[in-house]
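The values are calculated or read from the model by the stated rules, or taken from the named source; none is laboratory data. Predicted, not measured: the structure shown is a model, and the values here were computed from it. Don't worry about glycine lacking a Cβ; one is built from the backbone with ideal geometry, like all the others, and counts go over all protein chains shown.
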Amino acid sequence: MRDPRAVAVSTYFYIKRSPIHLHHPSRGKSLDEAVVVILPQICQFTTIRHILFDGQLSDRSEIFWYEDAMRDPLGWYNRWASLAGFTLPARWIKDIQASLTEAAENDRKREPHPGGQVVSSDRTWEDEVSPETRLEMNSILRTWLPGVLLARFDVPASETS
């Protein structure tokens, strides 16, 4: 399970260039502003994922990998819908396919690293955000995540820790 802070930073760069997410609340904001908007929802999703996949619920579950979403975005949306018992409306499918075609054309123009930085295995989400935003992100995690996940992601117990 990825650290929600890292997911928030990745999400920012994905949304910034995605034609599907033109009206996302973080669109048009700086990285530091956007991650604090995105992070509470990611924490909620992370908690649900923890409950489902760490064996706390034994009902039907489905794993959704980021790589699957990149390889087959429409299939990924269909899997989410079918897990919830829904069928995507034909108009939505048509819109998604059109935006995916546009996104594929834009992919050829993308920078090698979404942040415009040098790609390195040493870079982390912490390198992308300001120190003040890191503290705010930790505070958001302390608000939204259960203790077991705070420990897993090495979130300090307080801002002074």
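Descriptive notes on the structure:
- Extreme residue, surrounded by the fewest Cβ atoms within 10 Å (Cβ to Cβ), among residues of segment 134-149 that are touching a Pro at 6+ places or on another chain (Cβ under 9 Å) and in a helix (DSSP H, G or I): T143
- Of all residues in segment 150-161 being surrounded by 12 or more Cβ atoms within 10 Å (Cβ to Cβ) and without any contact (Cβ under 8 Å) to a residue 40 or more places away in the chain, the one that is farthest from Q41 (Cα to Cα): P156
- Some residue of segment 105-124 being modelled with pLDDT of 80 or more and either over 17 Å from Y14 (Cβ atoms) or among the β-branched types (V, I, T) (or both): yes
- So L52, is it touching an Asp or Glu at 6+ places or on another chain (Cβ under 9 Å), of a type outside the set (F, W, Y), part of a helix (DSSP H, G or I) and farther than 18 Å from I140 by Cα: yes
- Across segment 19-40, the number of residues qualifying as surrounded by fewer than 17 Cβ atoms within 10 Å (Cβ to Cβ) and either assigned to a loop (DSSP other than H, G, I, E, B) or at positive phi (or both) comes to 6.
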